[in-house]
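Visitor: The following block contains the structure, expressed as structure tokens.
The values are calculated or read from the model by the stated rules, or taken from the named source; none is laboratory data. Keep in mind the model is a prediction, meaning the values are calculated, not measured. We place every Cβ from the backbone using ideal geometry, glycine too, and count neighbours over all the protein chains shown. Side chains included, ligands, DNA and RNA excluded: accessible areas come from the protein's heavy atoms. Shrake-Rupley method; radii C 1.70, N 1.55, O 1.52, S 1.80 Å.
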Amino acid sequence: MGKPTGFMDYKRETSVSEAPLERIRNFNEFHTPLSKEEQQIQGARCMNCGVPFCQAGMNIMGMTSGCPLHNLVPEWNDLVYTGNWEQAYNRLKKTNNFPEFTSRVCPALCEAACTCGHWGAPVSVRDNEHGIIETAYKEGYAGPHIPKVRTGKKVAIIGSGPSGLAAADQLNSRGHAVTVYERNDRVGGLLRYGIPNMKLEKKVIQRRLDILTEEGIVFKTNVNVGKDITKKELEKEFDAIIFATGSKKARDLNVKNRDCTGIYFAVDYLTKATKHLLDNTDEISAKYKHVVIVGGGDTGNDCVGTSIRQGCASVVQIEMMPKAPDERLESNPWPEWPKICKTDYGQEEAIAVFKKDPRIYETTVKECILDDQKNLKQIKTVKVHFNNGKLEEVKGTEQILDCDLLLIAAGFIGVEDDLKKSFKLETTQRNTIVTQPNSYQVKDKYFTAGDCHRGQSLVVWAIHEGKECAKEVDAYLMGYTNME
């Protein structure tokens, strides 16, 4: 695939990021893509390695190596190299329903497993994917494909995040009538309100939703399933029902004075920030505030970038785990996912604005300190370490940090209680919905996919879950399935 010597002839190039001090002036995406000609050169670097780990999506040492969607990466890299952009799009769409999302927000598991990356720089797979889908939109061949035959079967999908949308796309293409219910005012789930605009502009989501609507999928927003429409009503109207509600129960902090003004879950903070951009509604503003974020993952980084754009006075990101090494250790060989320290866009911006990395490692919050009106004023932190798997405080390491906005980005702990109660759902120890063994089927006409099935994970895994669940639903409805 690609040019036989391309990986030796050409250096890795990626889209150019706007300088941190420039991009923080707005909430727009800040990457300038390569030209088509430059992108074709990057496609040439795909080296016909023989064993394409990039598309394997397999588990190695408890971590995913390669793309969970099994994208045909070498094939469409070659098609990019030769300038066959429409064929590249057709290859990409065989495995990925929404490359416009993954090419923006996926951490590129494919690139971490690229054979080129074993001794040098991996192929710029994600940028090539972005080039393919954006060219397809520009040239007009990414438009709607309306099913010619309808089966007469009706499917309800509860939740419009990436797993729900993927299942809807697959089942609608098969000819089933699909209705997607969304509790919020707009479709998209965490794509819409959990991922900030500078990572995924909302017009990109709407562009795809317009196509899905034209293809026949019905979206109903502001509907809280279980309350606004009952279990009995759903069962009467639909032949199959899919839970794709995500893992939205946020992990809380158990600290002194937790119940005070100035503490918010990250998902609520990011949701209000996006709604403010869309509708000019009230937001949880970080302007002139000392912000502390609990959580070192992607969501915590998104909170860093958002608070800087809002004009915070300072920002600190607290992480319980030790700092990862800057380079891959011998105990973490390719093609395992590289467990190395990553400085993401928000941290880059904090370094540019405040001249220091916002992250503090092996630390947790011990106490919230309030003013006379019981508003958050400061926090007390303490160093921690793991002793035989148990988290312990390090005595004498307490510190006081100014903080009048504390954001909890400590992950999620499964499905919400209202959903379990409304549908009498049994859940696992991880608080995900129990299914039949090795299946997406809960019971009878009920199925589940995405984070509410596998736990909090990546967008690419959610799309995979939606597709696999759709296969089982199709087989349940038709007695067989021809879905890929």
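Visitor: Would you point out the residue of segment 48-65, among those that are of a type in the set (A, V, I, L, M, F, W, C) and in contact with a helix residue (DSSP H, G or I) (Cβ under 7 Å, 6 or more places away or on another chain), that is farthest from Tyr10 (Cα to Cα)? Can you show your working first?
Guide: Step one: of segment 48-65, the residues of a type in the set (A, V, I, L, M, F, W, C) are 49, 51, 53-54, 56, 58, 60-61, 63.
If we keep only those that are in contact with a helix residue (DSSP H, G or I) (Cβ under 7 Å, 6 or more places away or on another chain) as well, we get 49, 53-54.
Numbers: Cys49: 16, Phe53: 21, Cys54: 19 Å.
Applying the filter and picking the extreme gives Phe53.
Visitor: Residue by residue through segment 378-408, note down the ones that are in a strand (DSSP E or B), open to solvent by less than 10 Å² (accessible area, probe 1.4 Å) and either among the acidic types (Asp, Glu) or within 20 Å of Ala266 (Cα to Cα) (or both). Working first, answer last.
Guide: Of the residues in segment 378-408, the ones in a strand (DSSP E or B) are 378-387, 390-393, 399-402, 405-408.
Add one more test, that the residue is open to solvent by less than 10 Å² (accessible area, probe 1.4 Å), and what stays is 379, 381-382, 384, 405-408.
Ile379, Thr381, Leu405, Leu406, Leu407, Ile408 - these are the residues of segment 378-408 that are in a strand (DSSP E or B), open to solvent by less than 10 Å² (accessible area, probe 1.4 Å) and either among the acidic types (Asp, Glu) or within 20 Å of Ala266 (Cα to Cα) (or both).
Visitor: Only one of these conditions is not met by Arg258: (1) in a loop (DSSP other than H, G, I, E, B); (2) surrounded by 23 or more Cβ atoms within 10 Å (Cβ to Cβ); (3) not small (Gly, Ala, Ser). Which number is it?
Guide: For Arg258, the exception is condition (2).
Visitor: Please determine, by comparing only the residues of segment 439-454 that are touching a strand residue (DSSP E or B) at 6+ places or on another chain (Cβ under 8 Å) and closer than 18 Å to Leu191 by Cβ, which one is surrounded by the most Cβ atoms within 10 Å (Cβ to Cβ).
Guide: Our first condition is that a residue be touching a strand residue (DSSP E or B) at 6+ places or on another chain (Cβ under 8 Å); within segment 439-454, this holds for 440-442, 445-449, 451-453.
Among the residues that remain, those that are also closer than 18 Å to Leu191 by Cβ are: 449, 451-453.
On the way: Ala449: 33, Asp451: 28, Cys452: 29, His453: 29.
Among them, the one singled out is Ala449.
Visitor: Would you check if there is a residue in segment 3-10 being among the aromatic types (Phe, Trp, Tyr) and out of contact with any strand residue (DSSP E or B) (no Cβ under 8 Å at 6 or more places or on another chain)?
Guide: The answer is yes, given that some residue of segment 3-10 is among the aromatic types (Phe, Trp, Tyr) and out of contact with any strand residue (DSSP E or B) (no Cβ under 8 Å at 6 or more places or on another chain).
Visitor: Another one. Which residues, counting only those in segment 443-463, are in a loop (DSSP other than H, G, I, E, B) and either among the acidic types (Asp, Glu) or at positive phi (or both)?
Guide: The first filter runs over segment 443-463 and keeps only residues in a loop (DSSP other than H, G, I, E, B), leaving 444-445, 449-450, 455-458.
Asp444, Gly450, Gly455 - these are the residues of segment 443-463 that are in a loop (DSSP other than H, G, I, E, B) and either among the acidic types (Asp, Glu) or at positive phi (or both).
Visitor: How about segment 304-359: which of its residues are aliphatic (A, V, I, L, M) and either free of Cβ contacts under 8 Å to residues at least 40 places away in the same chain or open to solvent by 30 Å² or more (accessible area, probe 1.4 Å) (or both)?
Guide: Our first condition is that a residue be aliphatic (A, V, I, L, M); within segment 304-359, this holds for 304, 308, 313, 315-316, 318, 320-321, 324, 329, 340, 350-353.
Once the filter is applied, which keeps residues that are aliphatic (A, V, I, L, M) and either free of Cβ contacts under 8 Å to residues at least 40 places away in the same chain or open to solvent by 30 Å² or more (accessible area, probe 1.4 Å) (or both), segment 304-359 yields Ala313, Met320, Met321, Ala324, Leu329, Ile340, Ile351, Val353.
Visitor: Scan segment 416-429 for residues that are part of a loop (DSSP other than H, G, I, E, B) and either surrounded by 15 or more Cβ atoms within 10 Å (Cβ to Cβ) or in contact with a Lys or Arg (Cβ under 9 Å, 6 or more places away or on another chain) (or both) and jot them down. Break it down into steps so the answer makes sense when it comes.
Guide: Narrowing segment 416-429 to residues part of a loop (DSSP other than H, G, I, E, B): 416, 424-426, 428-429.
Hits for segment 416-429 are Glu416, Lys424, Leu425, Glu426.
Visitor: Looking at segment 412-454, which of its residues are more than 13 Å from Thr245 (Cβ to Cβ) and of a type outside the set (D, E, K, R)?
Guide: Passing the criteria: Ile413, Thr428, Gln429, Val434, Thr435, Gln436, Pro437, Asn438, Ser439, Tyr440, Gln441.
Visitor: Those residues that are of a type in the set (A, V, I, L, M), surrounded by fewer than 20 Cβ atoms within 10 Å (Cβ to Cβ) and out of contact with any strand residue (DSSP E or B) (no Cβ under 9 Å at 6 or more places or on another chain), I need them from segment 455-484; list them, please.
Guide: Ala475, Met478, Met483
Visitor: In addition: For segment 18-47, give me each residue that is outside any helix (DSSP H, G or I), out of contact with any helix residue (DSSP H, G or I) (no Cβ under 7 Å at 6 or more places or on another chain) and open to solvent by 60 Å² or more (accessible area, probe 1.4 Å). Write out each step before concluding.
Guide: Taking segment 18-47 as the starting set, the residues that turn out to be outside any helix (DSSP H, G or I) are 18-19, 24-35, 45-47.
Now narrow it down to the ones that are out of contact with any helix residue (DSSP H, G or I) (no Cβ under 7 Å at 6 or more places or on another chain): 18-19, 25-26, 28-29, 31-32, 35.
Glu18, Arg25, Asn28, His31, Thr32, listed by residue number.
Visitor: With respect to the numbered conditions (1) closer than 23 Å to Glu336 by Cβ; (2) over 18 Å from the mean Cα position of the chain (by Cα); (3) buried (at least 23 other Cβ atoms within 10 Å of the Cβ), which one is the sole condition not fulfilled by Gly62?
Guide: (3)
Residues checked against (1) closer than 30 Å to Gly62 by Cβ; (2) touching a strand residue (DSSP E or B) at 6+ places or on another chain (Cβ under 6 Å); (3) in a loop (DSSP other than H, G, I, E, B); (4) not hydrophobic (A, V, I, L, M, F, W, C):
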site: Asn97; (1), (2), (3), (4): yes, no, yes, yes
site: Gly117; (1), (2), (3), (4): yes, no, no, yes
site: Glu134; (1), (2), (3), (4): no, no, no, yes
site: Lys148; (1), (2), (3), (4): no, no, yes, yes
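Visitor: Being in a strand (DSSP E or B), touching a helix residue (DSSP H, G or I) at 6+ places or on another chain (Cβ under 8 Å) and β-branched (Val, Ile, Thr) is true for just one of Val315, Val267, Val292, Val304. Which residue is that? Can you show your working first?
Guide: Numbers: Val267 fails: in a strand (DSSP E or B); Val292 fails: touching a helix residue (DSSP H, G or I) at 6+ places or on another chain (Cβ under 8 Å); Val304 fails: in a strand (DSSP E or B).
The conditions single out Val315.
Visitor: Something else now. With the requirement that a residue be part of a loop (DSSP other than H, G, I, E, B) and either under 26 Å from the mean Cα position of the chain (by Cα) or surrounded by fewer than 16 Cβ atoms within 10 Å (Cβ to Cβ) (or both), what does segment 152-181 give you?
Guide: Keep residues of segment 152-181 that are part of a loop (DSSP other than H, G, I, E, B), which gives 152-153, 159-161, 175-176.
Within segment 152-181, Gly152, Gly159, Ser160, Gly161 meet the criteria.
Visitor: Another question, then. Going through segment 189-214 one residue at a time, which ones are more than 30 Å from Asn26 (Cα to Cα) and either buried (at least 22 other Cβ atoms within 10 Å of the Cβ) or touching an Asp or Glu at 6+ places or on another chain (Cβ under 8 Å) (or both)?
Guide: none
Visitor: Something else now. If Phe412 passes every condition in (1) in contact with a Pro (Cβ under 8 Å, 6 or more places away or on another chain); (2) at pLDDT below 95; (3) of a type in the set (A, V, I, L, M, F, W, C) but one, which one does it miss?
Guide: (1)
Visitor: Tell me, please, whether a residue that is hydroxyl-bearing (Ser, Thr, Tyr) and within 29 Å of the chain's Cα centre (by Cα) can be found in segment 362-382.
Guide: Going through segment 362-382, the residues hydroxyl-bearing (Ser, Thr, Tyr) turn out to be 363-364, 381.
Keeping just the survivors that are within 29 Å of the chain's Cα centre (by Cα) gives 363-364.
Yes, segment 362-382 contains a residue that is hydroxyl-bearing (Ser, Thr, Tyr) and within 29 Å of the chain's Cα centre (by Cα).
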